Amino acid sequence: MLRLSFALALALTGARTVRADSSPLPQVRLIWVRGEGTDRCSDGASIASRVSQRLGRNVFSDSALTRIEGVIEREGAQWRAHLYMRGADGRLEGVRHLTSDAPDCNALDAAATLAVALAIDPETALRPLPLAAAAPSSNGTAAESPQAVAPVVAAPPPVALNERPRREDVELSVDAIASLGLLPKTSAGMSLSLGVDVARSTEVTAGALYLPEVHTADGDFAFGLTAGWAGACFLPVEAPRARLLLCGMGLLGAIHSVVLAFEPTNPGERFWGAAALSARVRVRVAGPVIVDVGGDAIAPVIRDRFLVRNRPGTVFQEAPVVGTVFAGLGVEIP
């Protein structure tokens with residue numbers, strides 16, 4: 001079964017296609033890449049030939065500034081096509097992601113052909129092919145029967161260029177963290193994070209971090225931190241294998257204080273809370289495995305001062321803005 005998970009803007013206000021009104025179709029450069037395991041899928045020349053056949057003219061030129069880039073992949077039992085349309089200035093103007101669970105590449109080839117044709121000329125691309133036009137066979141060549149008529153595939157509903165496919169993935173990652181200012185010294189810890197896609201460009205996130213106790217410079221005290229967080233992330237950039245997330249989060253937990261050289265009067269944990277902004281990049285490296293890297297800017301809401309009776313100065317107090325950097329591995333669960 002073929003699934004259209006993202007569409008190029010074809011005829012919406014503000015979305016530019018290659019053709020404007022009834023003006024002649026300009027030349028387009030087609031760049032077609034077949035990944036590992038997709039040798040039986042159509043190559044760029046075959047796709048260009050079928051698109052030109054559907055449009056009734058050859059619109060492709062290697063010297064054209066406007067270009068459509070296609071990448072064909074095989075992920076397990078699924079075929080995937082990623083189409084990118086770029087204007088003469090090189091800027092990305094549209095994206096379409098196609099997937100197929102069919103045993104061969106034919107359904108994906110047909111959908112990719114239609115997608116490219118629609119991006120160039122939506123009006124002409126949806127007209128039935130003339131009887132003289134041959135339908136493509138399973139090996140990518142045209143059938144010789146003069147009565148063959150290529151089927152007309154219904155076009156997906158147009159969407160705006162700034163829309164993204166609704167994903168239903170869950171990302172779970174374990175990261176090593178370096179804290180900058182959360183404790184008296186730069187310290188290392190661990191975090192566990194969970195992200196769940198809830199809309200085309202929105203993800204909810206939750207997780208926990210643990211920073212073990214580190215000593216103050218004089219060795220008389222030690223401090224550690226344990227906290228959990230929840231928040232939401234926006235996806236300003238998304239590619240087939242990478243995602244940039246910008247997140248806002250609230251954190252609640254406890255800061256641990258340990259007195260090593262004096263008689264403690266009120267040792268133990270103190271309630272701790274903070275607000276944070278986070279930027280992270282997730283890159284899928286192999287199958288469901290992802291690499292997760294990023295950093296947080298954290299503003300503690302509660303900044304306890306730790307003092308020693310009859311001793312001047314503050315033993316420790318967090319700065320108004322502190323931070324972390326992190327890197328780790330995770331899995332992407334469909």
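The values are calculated or read from the model by the stated rules, or taken from the named source; none is laboratory data. What you are looking at is a predicted structure, and each value in this text was computed from that prediction instead of being measured. In this analysis, Cβ positions are derived from the backbone assuming ideal geometry, glycine residues included, and neighbour counts consider all displayed protein chains.
Structural remarks
- In the range 68-88, the residues that are under 17 Å from I120 (Cα atoms) and either touching a residue at least 24 places away in the same chain (Cβ under 8 Å) or more than 17 Å from the chain's Cα centre (by Cα) (or both): I68, E69, G70, H82, L83, M85, R86, G87, A88
- Residues being β-branched (V, I, T) and touching a Lys or Arg at 6+ places or on another chain (Cβ under 9 Å) - total across the range 213-262: 4
- Among the residues of the range 42-90, those that are part of a loop (DSSP other than H, G, I, E, B) and over 24 Å from R241 (Cβ atoms) comprise G56, R57, N58, V59, S61, D62, S63, A64, L65, T66, A88, D89.
- Qualifying residue in the range 275-283 (condition: exposed (fewer than 13 other Cβ atoms within 10 Å of the Cβ) and out of contact with any helix residue (DSSP H, G or I) (no Cβ under 7 Å at 6 or more places or on another chain)): no
- Scoring D218 on the criteria (1) over 22 Å from V170 (Cα atoms); (2) surrounded by 15 or more Cβ atoms within 10 Å (Cβ to Cβ); (3) charged (D, E, K, R) leaves a single failure, condition (2).
- Identity of the residue in the range 1-34, surrounded by 14 or more Cβ atoms within 10 Å (Cβ to Cβ) and modelled with pLDDT of 50 or more, that ends up nearest to Q78 (Cα to Cα): R34
- Matching residues in the range 70-81 - criterion: being on the phi < 0 side of the Ramachandran plot and surrounded by fewer than 16 Cβ atoms within 10 Å (Cβ to Cβ): E75, A77, Q78
- Residue that is farthest from the chain's Cα centre (by Cα) [pool: residues in the range 91-116 that are closer than 21 Å to R40 by Cα and in a strand (DSSP E or B)]: S100
- Hey, A217 touching a residue at least 24 places away in the same chain (Cβ under 8 Å) and not charged (D, E, K, R) or not: yes
- Positions within the range 81-96 being out of contact with any helix residue (DSSP H, G or I) (no Cβ under 8 Å at 6 or more places or on another chain) and at pLDDT below 90, in sequence order: R86, G87, A88, D89, G90, R91, L92, E93, V95
- Test: residue in the range 254-263 that is aromatic (F, W, Y) and surrounded by 15 or more Cβ atoms within 10 Å (Cβ to Cβ): no
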